[in-house]
Each structure stands twice: as structure tokens, then as C-alpha cells.
């Protein structure tokens, strides 16, 4: 019998996220001058920042190359990016090798076919509610939240709660 994904959350020290369809809703607004704009959730941003501040490692592996997205995520403290990555498993393997990370300590959240190979390699494979069926079929955890609307916060918050890193500094201030 397969263990519940929650049993593996205590081992997670690293989060890897796709961008389009995970950190964004997958939509692209194209301006008249051809610029492609994306919308991201501030709730995801908050959780990403909290995870970084708590010492978790975060990496972005995306097929996209939008510099605005990169600047937004850098502003939250993310430093590891694989942009324009069409073979995401290669980016994952390089990242794991550079930092000496055990795949069992990684939670990867993706939403589409290119995310499947790296998702099969990590400790916890997760996706937004609206991921494609092929991705949903291999996930350990499917968020109840759609991409771009807080699904990254959902998984980050779950991991940090299991590991005792979520909100422990806020209880005294809110009493």
C-alpha cells in the first residue's frame, strides 16, 4: 500500500515550480506591441518568500523566458532559474547535482506534459487542480486550487506546517 503524500512532506527541503499554469493561471495577455503579460498570485508570492526566509531551497524550471516573471520571482529571493527549459528533467538533474540535493527531499509542482519526467524523479509530485489529466494521473498530491490562484502557497504551507515552520513566529504577535 502506497503511503499518503503527507508522510513524505517532513522530508521536503526543496521546492521546484513550473511557471505558466502553476505560478500563473496559464493565460497570456498580449499587448498591441507584442508584450506578453502574466498574472501571479500575491498569496503564492508570500509563501515563496516565507519558505526562502525559513531556509528552504526554491528553483524555477520553466519553458518560458519572460524577464518580467523572472524579476518578480527574484524580488522574492529566488535565485535559481532554468528558463527556456524544454527538457525539464535535464534541468532538474543539473540542479540536484549542483547542490547535492536528494530527489526524495524535493517537491515539484507542474501542470503539463513537459513536467512529467521530473515529477517522476522527486519525492513528492504535485499539481494544481486544473493540470492536464496526464499530470494529474502521476501526482502524489493534487491541490484543490487552480494554477495562478494560490496552489503554490497550498503546497508550501502544508510542508512548512508539517515541519513546524509555518506561523510559529506570529502567534505571540497576534495574541
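As a footprinting exposure proxy, order 87, 149 by other Cβ within 10 Å, with the fewest listed first.
Least crowded to most crowded, the residues run 87, 149.
Using just the helices of the chain, give the 222 nm mean residue ellipticity in deg cm²/dmol: DSSP H runs with n ≥ 4 each add -39,500 (n - 2.57), and the total is spread over all residues, rounded to 500. List each step's numbers first, then the result.
Values: 7 runs with 59 residues, N = 175.
Mean residue ellipticity at 222 nm (helix-derived): -9500 deg cm²/dmol.
To check you understand DSSP bridge types, tell me what percent of the beta bridges within the range 4-85 (both residues inside) are antiparallel, rounded to 5. Numbers along the way, then the final one.
Working: 3 of 10 bridges.
Around 30 percent antiparallel, to the nearest 5.
Test of understanding: what is the full-extension gain from residue 102 to residue 71, defined as 0.36 nm times their sequence separation minus their Cα-Cα distance? Walk me through the numbers before you get to the answer.
On the way: separation 31, 0.36 × 31 = 11.16 nm, distance 2.80 nm.
Full extension from residue 102 to residue 71 adds 8.4 nm.
Compute the distance in nm between two label points, each set 7 Å from the Cα along the Cα-to-Cβ direction, one at residue 162 and one at residue 137.
Output for this residue pair reads 2.5 nm.
For 56, 46, what's the fewest-to-most ordering of other Cβ within 10 Å of each Cβ?
The fewest-first ordering by Cβ neighbours comes to 46, 56.
Ranked by Cβ crowding within 10 angstrom, fewest neighbours first, how are 33, 115, 80, 53 ordered?
Listing 33, 115, 80, 53 from fewest to most nearby Cβ atoms yields 33, 53, 80, 115.
Run through the DSSP bridge list for the chain and note the antiparallel percent, rounded to the nearest 5. Don't skip to the answer; put the middle values down first.
Details: 3 of 19 bridges.
Among the beta bridges of the chain, antiparallel pairing accounts for roughly 15 percent.
What spacing in nm lies between the two simple spin-label points modelled at residue 49 and residue 6, each 7 Å away from Cα in the Cβ direction?
3.0 nm
Using only alpha-carbon positions, what ratio does the radius of gyration of the chain give when scaled by 2.2 N^0.38 Å?
For the chain, the normalised Cα radius of gyration is 1.00.
Read the figures in this text as sums done on the coordinates, not as results from a lab. Predicted, not measured: the structure shown is a model, and the values here were computed from it. Neighbour counts run over all protein chains shown; Cβ positions are idealised from the backbone, glycine included.
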